[in-house]
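Below is one structure, written out as structure tokens; comments come after it.
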Amino acid sequence: MCSHYQTLKDAELLLERFGAPNKPAGGDYDMWPRRQGVFVSRPVEHDAGDEAVPEREAVVGRWGMIPPGTRPEKLAEASKKSTSNARSETAHQLWTFRNAWAKAQRCIIPADAIFEPDWRPVYEGRSKTSVANHFTRADGAPLGIAGLWDRFRDTAGLLPESYTMLTINADQDPLFRDYHQAGKEKWMVVIQPEGA
């Protein structure tokens, strides 16, 4: 599972690669859970039939899903939960993600790179801690990570967005099966194929 990534530095790639006609202000480059990052989604207003509404837009939101039913007085507690990743197999069942899943509020999270912990040096006695590995595409193009997004009501009554990365089991993946701790189930983010 990904708990650290780098978003796009090049705003032009949002349009070229992901079809988002805008680059929103804000958002961090070096992303950790609970920070503000950019994701690409279909606007809620898209299905209203208004031709002025683009098919996709880039939005800044909190990385780590806040369930839409969270009461404003419970935001601090909800913000501490680990919701930066959602297992694709169970997201439709979990309270945190099921509203976004049911409404098909899918998104693409543009990334220059993702980081995964390599525990092999620990098990081989070469290190006392895991080593963060930096993954990019070989051709230098950005990664498009599958995700879900939703809105929640904050203490000011506004409706900011939050998002999560979808993950799949990586026990049999030729690359990512070697990451994370030995003896534990392996998970990896869903990296979309070119043009998806």
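The values are calculated or read from the model by the stated rules, or taken from the named source; none is laboratory data. Because the structure is predicted, anything quoted here is derived from the model rather than measured. Note that we place each Cβ from the backbone using ideal geometry, even for glycine, and neighbour counts take in every protein chain shown. Please note that ligands, DNA and RNA were not included when accessible areas were found on the heavy atoms of the full protein model with its side chains. Shrake-Rupley method; radii C 1.70, N 1.55, O 1.52, S 1.80 Å.
Structure notes:
- Within segment 165-185, the only residue that satisfies the criterion of being at pLDDT 90 or above, open to solvent by 30 Å² or more (accessible area, probe 1.4 Å) and either of a type in the set (A, V, I, L, M, F, W, C) or at positive phi (or both) is 168.
- Per the conditions (1) among the charged types (D, E, K, R); (2) surrounded by 14 or more Cβ atoms within 10 Å (Cβ to Cβ); (3) touching a strand residue (DSSP E or B) at 6+ places or on another chain (Cβ under 9 Å); (4) without any contact (Cβ under 8 Å) to a residue 60 or more places away in the chain, the sole criterion not satisfied by residue 112 is (4).
- Residue 188 hydrophobic (A, V, I, L, M, F, W, C) and open to solvent by 10 Å² or more (accessible area, probe 1.4 Å): yes
- Apart from one condition, residue 26 fits all of (1) under 16 Å from the mean Cα position of the chain (by Cα); (2) open to solvent by less than 80 Å² (accessible area, probe 1.4 Å); the exception is (1).
- The residue that is most open to solvent (accessible area, probe 1.4 Å), counting only those in segment 45-77 that are among the aliphatic types (A, V, I, L, M) and touching a residue at least 40 places away in the same chain (Cβ under 8 Å), is 60.
- When we screen 90, 83, 96 for residues that are β-branched (Val, Ile, Thr), in contact with a strand residue (DSSP E or B) (Cβ under 6 Å, 6 or more places away or on another chain) and within 27 Å of residue 191 (Cβ to Cβ), the only hit is 83.
- Just one of the listed residues (136, 164, 155) is in contact (Cβ under 8 Å) with a residue 12 or more places away in the chain, among the β-branched types (Val, Ile, Thr) and under 16 Å from residue 37 (Cβ atoms), and it is 164.
- Of all residues in segment 49-96, those being over 17 Å from the mean Cα position of the chain (by Cα) and among the polar types (S, T, N, Q) number 2.
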